[in-house]
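**Q** I'd like to ask some things about the structure below.
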Amino acid sequence: MIKKPIIYDYNYVLSEKNPGPATVKIEELESYSNKTREIHKQLMEKREIGSLPFYDLPYRKKDISLVKEVAEDVKKSMGEKLENILVVGIGGSSLGGIALTKSLLHPFHNLVPQEIRKAPRIFFAENIDADEVKGLFDVIDPEKTVVNIISKSGNTAEPMANFLLIYKFMKEKIGEDSLKNQIVATTDTQKGTLRKIADDLGLRSLPIPEGVGGRFSVLTPVGLFPAYMAGIDIDTLLEGAALMDKRCKNEDLFKNPAYLNAVIHFHLHRTRNINMAVLMPYSQALSQVSDWYRQLLAESLGKKFSLSGEIVYAGQTPIKAVGAIDQHSQIQLYREGPFDKVFTIIGVENFRNFLNIPSFFDSYDGTGYLGGHTLNELMEAERKATILALIKSQRPVIEIDLPEINPYTVGQIFYMYEVQTVFAGYLYNVNSLDQPGVEAGKQYTYGMLGRKGFEKMREEINNFPAKSKDYIL
Ligand code: PA5
């Protein structure tokens, strides 16, 4: 495993290298140096008193040991028959685990023969889609499955509904006593329905640390337990995060990738009207990291009110793209559409595999030039070509380079984006840790389905403006 820092490169955000309407002078970024120091001081003070606990997740030895202990205990009690981990959760309780497993496991992990895989298959029940949930029941044997139900609040409708369905399905096949032994609940240590169920049934459970919200929870048992069960080296993941923590402790804007990335995004938004941020890894494995990033940015910074109560409608729209696929879908817009996007292109220096493209059909134009090159070379050429094309169109481009996709580098990415997001909250003067917009949707759902205490929400829904047939085709 290559254990090196990831590289952050902002050359092509600077007008000196990439002149145009959407790039900036270095002096513009320098003007944030003092503000950065001020915010840094406030962040470190908050960290010190424990009010930003996500910062210390790489070092929570007790939680990390507990994850391993519970996982080993489950594995031992299931023995040879353990075949599947079924993770039930949504949003922040699911996207981190999906990003981790997609980036660090074999791309077709579940299809690899057990003798080679040496870890259970892993499934995520995230959506409340009857076809998908029923589909899961067709491929999962309850006798051989461990369910990890994850919900910080312990009350969210989607995971709880899926959990009830899975509970029924498994109970009917294996009985309640065996089932209880095959469930691990990851939730708040005190509050919420899931906590009560876990305590009442005597389920194994794992804590989500106080003050760590869903989208900041990938390095808590929320992400660590599924990852460990699936065979991911969580110690190295946390070591990578700790390395990034070291880099992010620097108050110098130009030495701190998280702060600099936040400043660049914020400044482009404020001064150049760049209100979208595209994250485009040239790697299939990292595609779900973009999904995770989308939630982190959108839920944290998309806010109507500032901390002082003014209406601000803050936030850039995060966009997920994947190279090389989106060259055939999005690039036309990215190059020739409005100047409203900043691009982060992630490159990978060493893929886990190296494939020579064979020299068949040499006499044909469309295939002759490919033989003798590697697939890796083609990916890298396309990445560089996209960067060049974007620069030719005067678009701001940030590059992040990973020496390799491994737990060490992925841990750095997660940590960097979390620090960047909290720092950006200070720049926008919004609370990056709450999500009132998400809560409202949850509450209307409760009201609609008749949950006690949410009658007012039901009333509001019933008072929806009546629709006219005139406007329905
Ligand atoms: O980041 C967040 O806070 C949300 O996306 C939550 O993770 C999501 O709504 C699920 O909530 P919970 O874990 O309480 O079920």
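The values are calculated or read from the model by the stated rules, or taken from the named source; none is laboratory data. This structure is a prediction, so every number in the text was calculated from the model and none was measured. Cβ: placed from backbone, ideal geometry, glycine included. Neighbour counts: every protein chain shown. Protein only, heavy atoms only, side chains kept; ligands, DNA and RNA dropped before computing areas. Shrake-Rupley method; radii C 1.70, N 1.55, O 1.52, S 1.80 Å.
**Q** Using a cut-off of 11 Å between beta-carbons, work out the net charge of the residues near Ala277 (Lys and Arg +1, Asp and Glu -1, Ala277 not included).
**A** Net charge around Ala277: +2.
**Q** Report, for the chain, the % of DSSP beta bridges that are antiparallel, rounded to 5.
**A** 10
**Q** Of Lys68/Lys118; Lys61/Lys196; Lys144/Lys168; Lys25/Lys304; Lys3/Lys320, which ones are farther than 21 Å apart at the Cα? Don't jump to the answer; show the numbers that get you there.
**A** Values: Lys68/Lys118 17 Å; Lys61/Lys196 26 Å; Lys144/Lys168 16 Å; Lys25/Lys304 30 Å; Lys3/Lys320 27 Å.
Lys61/Lys196; Lys25/Lys304; Lys3/Lys320, as the Cα separations exceed 21 Å there.
**Q** Further, regarding this structure: Go through region 67-72 residue by residue and turn each phi into a ³J(HN,Hα) via Karplus (6.51, -1.76, 1.60, θ = phi - 60°); whole Hz please, and just put x for glycine and proline.
**A** For region 67-72, the Karplus curve yields 4, 5, 4, 5, 4, 5 Hz.
**Q** Over region 53-236, what is the relative contact order in whole percent, taking alpha-carbon pairs under 8 Å and six or more residues apart? Walk me through the intermediate numbers first.
**A** Numbers: 296 pairs, mean separation 61.9, N = 184.
For region 53-236, the relative contact order is 34 percent.
**Q** Another question about this same structure. Send over the semi-axes of region 53-236's equivalent ellipsoid, whole angstrom and largest first, taken as the square roots of 5 times the C-alpha gyration tensor eigenvalues.
**A** 22, 20, 16
**Q** Per-residue ellipticity at 222 nm for the chain, helices alone: DSSP H runs ≥ 4 residues times -39500 (n - 2.57), over residue total, nearest 500 deg cm²/dmol?
**A** Calculated mean residue ellipticity at 222 nm is -14500 deg cm²/dmol.
**Q** Might you tell me the accessible area per residue for the chain, computed with a 1.4 Å probe and given in Å²? Spell out each step's value before the answer.
**A** Working: 22580 Å² over 473 residues.
Result: 48 Å² of accessible area for each residue.
**Q** Then there's this: From Cα pairs below 8 angstrom and at least 6 apart in sequence, can you work out the relative contact order of region 316-427, rounded to a whole percent?
**A** Details: 99 pairs, mean separation 36.7, N = 112.
Worked out over region 316-427, it gives 33 percent.
**Q** Considering only protein heavy atoms and a 1.4 Å probe, what is the carbon-and-sulfur percentage of the accessible area of the chain? Walk me through the intermediate numbers first.
**A** Details: 12190 of 22580 Å².
Carbon and sulfur together cover 54 percent of it.
**Q** Rg over Rh of region 136-186, using C-alpha atoms and the Kirkwood radius, what does it come to?
**A** Reported Rg/Rh, Kirkwood definition of Rh: 0.96.
**Q** Report Rg(Cα)/(2.2 N^0.38 Å) for region 297-415, keeping two decimals.
**A** Here the Cα radius of gyration is 1.41 times the empirical estimate.
**Q** Taking only the alpha-carbon atoms of the chain, what semi-axes of the equivalent ellipsoid follow from 5 times the gyration tensor eigenvalues under a square root, in whole Å, largest first? Write down the numbers at each step before the final one.
**A** Details: eigenvalues 267, 178, 116 Å².
Equivalent-ellipsoid dimensions as semi-axes: 37, 30, 24 Å.
**Q** Could you check how many percent of all C-alpha pairs in region 276-332 are farther apart than 19 Å?
**A** 39
**Q** Same structure, new question: Given Cα pairs under 8 Å that are at least 6 residues apart, what percent is the relative contact order of the chain?
**A** Relative contact order, the chain: 22 percent.
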